[in-house]
Amino acid sequence: MASRRNFLKASGATFALASLGSLAGCTQLETITGPSAPAYSSWLYDPETVLNVDNHLFASVNIQSYYEHEDQLPEELFDSLDQLDEEIDSVELDELQHMTMLAYGETDFSRAGMSWVVSGSFDSKEISEEIENELEKSQSGEDVEKGEYEGYTLYSIEQPYGYSMSGESDSTMSMTFAIGDENALLGMVVDADARAKAAVEQMIESDAGTVERYYDTNENAKTMMQELGDATVAMGLNLEVSILKDWVPDEETEIKAVLDDLEAMGMGATINGETTENKIILVYEDEDAASAENVEALIERLKEESEEFEENTTEITVSADGRAVVVTSEVDTDELWNGYQESNGGLMGTGSSSTSFSSDASAEAPQVSLTFEQNTDGTATITHSGGDHVTDTLYIEYVDDEGYDQFEFWVPEGGAITAGDSYTTTYALSADTRLSVLWTGPNGSSFETLGAFSAY
């Protein structure tokens, strides 16, 4: 059975690849969709053809040019990729060329989909054999559907999702691998009706130009891709911005002003020897909401609060272009990775600062004492009863007596989870469900259990 914890680890590795890829140089790719469309956009299908949801994420990494600049970058940057390389027998990561990803779903993860494609030089037969062996081990006799589609060999599996943990959910988690001569694809979908096979087939059809592409059907995505171009790393997010605003304290007026009427945001980075060009794209509801002045005010605050931001970030330009505000900066390459680790980027992706859209990623698991109480409605309340402040988002994992697992998130309010803070689960626990509070290491590379509770 495919574990959600393994899924988190795989997602963390993918995000690490995208983050580390932002430190690579830029190798231009041939434009396929049009004069303003980057090459990777050919793989990005309209996500609403699979799931009718409003939250979308795309990412692209030029893997090869990342390795071409290995000598210019800190050795520790490559640790996550080396570890991932060791776990995959049939592929050498330095032989890969490019990775493109599309994800979409509801904010509570009740319905979600993801598609990845990796292009490069690899032995498709060897990969297929490894997939077959791994699926045979993990499925414990459950059916694996094998088929062919447009020159690709497909492997598909399904299992009940059990999101409500009450036994009444009709959702299914499906996964499909597609292996071709030069491309390998992976699709994952959680839904009652949609399946991962449809997501993979849409990605294949999108690259062939036989279905409408995300670039052509979503104006926010089109704006971000046009501004980011074929950067070494490009990431874009269409989202419900109310989620971000809820995480920001009321006193953070500069951040809230930047988030007002924001519909999408993108990031791109290209290394140029000792310096790296960063680009942030903020897409607003209309031109009136696209205020360069609000963004400039936040940047000035970052400069005042962080000497490192001032020292390492130079030549910052802010400009409004229709519904978009574009922020371009030059960052010292040798400080860039430290900035990502210390502040997860802040606004400009460098330097430590108290102003950040997400919390610091600790190097070691916090030492905390947690208490658990099961409520009359079946939910559980978890309380931080002593120990370290926790600045990272924690995973709340359910595992029922049949081994199906699910998770939700405990997000720090005001920057940290401290003694006295509590979290009540969204979903009721069935009898014998085990509830665990997990802290994850940088890039999703490891998990530590901070506390656990068994329902009755």
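The values are calculated or read from the model by the stated rules, or taken from the named source; none is laboratory data. Remember, predicted model here, so these are calculated numbers, not experimental data. We place every Cβ from the backbone using ideal geometry, glycine too, and count neighbours over all the protein chains shown. Ligands, DNA and RNA are excluded from the accessible area calculation, which covers all protein heavy atoms including side chains. Shrake-Rupley method; radii C 1.70, N 1.55, O 1.52, S 1.80 Å.
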Region 263-278: number of residues that are surrounded by fewer than 21 Cβ atoms within 10 Å (Cβ to Cβ) and either under 21 Å from Asn220 (Cβ atoms) or hydrophobic (A, V, I, L, M, F, W, C) (or both): 1
Subset of region 374-393 [under 11 Å from Asp421 (Cβ atoms) and among the aliphatic types (A, V, I, L, M)]: Ile382, Val390
Test for Glu205: is it modelled with pLDDT of 90 or more, open to solvent by 20 Å² or more (accessible area, probe 1.4 Å) and more than 18 Å from Ala103 (Cβ to Cβ): yes
Test: residue in region 35-52 that is surrounded by fewer than 16 Cβ atoms within 10 Å (Cβ to Cβ), modelled with pLDDT under 75 and more than 16 Å from the chain's Cα centre (by Cα): yes
Index of the failed condition, Thr210 passing every other in (1) part of a helix (DSSP H, G or I); (2) more than 23 Å from the chain's Cα centre (by Cα): (1)
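Conditions (1) open to solvent by 20 Å² or more (accessible area, probe 1.4 Å); (2) at pLDDT 90 or above; (3) β-branched (Val, Ile, Thr); (4) farther than 30 Å from Ile299 by Cβ, marked per residue:
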| site | (1), (2), (3), (4) |
| --- | --- |
| Phe372 | yes, yes, no, yes |
| Asp377 | yes, no, no, yes |
| Ser385 | yes, yes, no, yes |
| Tyr404 | yes, no, no, yes |
| Glu413 | yes, no, no, no |
| Ala431 | yes, no, no, yes |
| Leu450 | yes, yes, no, yes |
Odd one out for Tyr215 among (1) in a helix (DSSP H, G or I); (2) without any contact (Cβ under 8 Å) to a residue 24 or more places away in the chain: (2)
Subset tally (residues that are closer than 19 Å to Met99 by Cα and β-branched (Val, Ile, Thr)) for region 220-241: 2
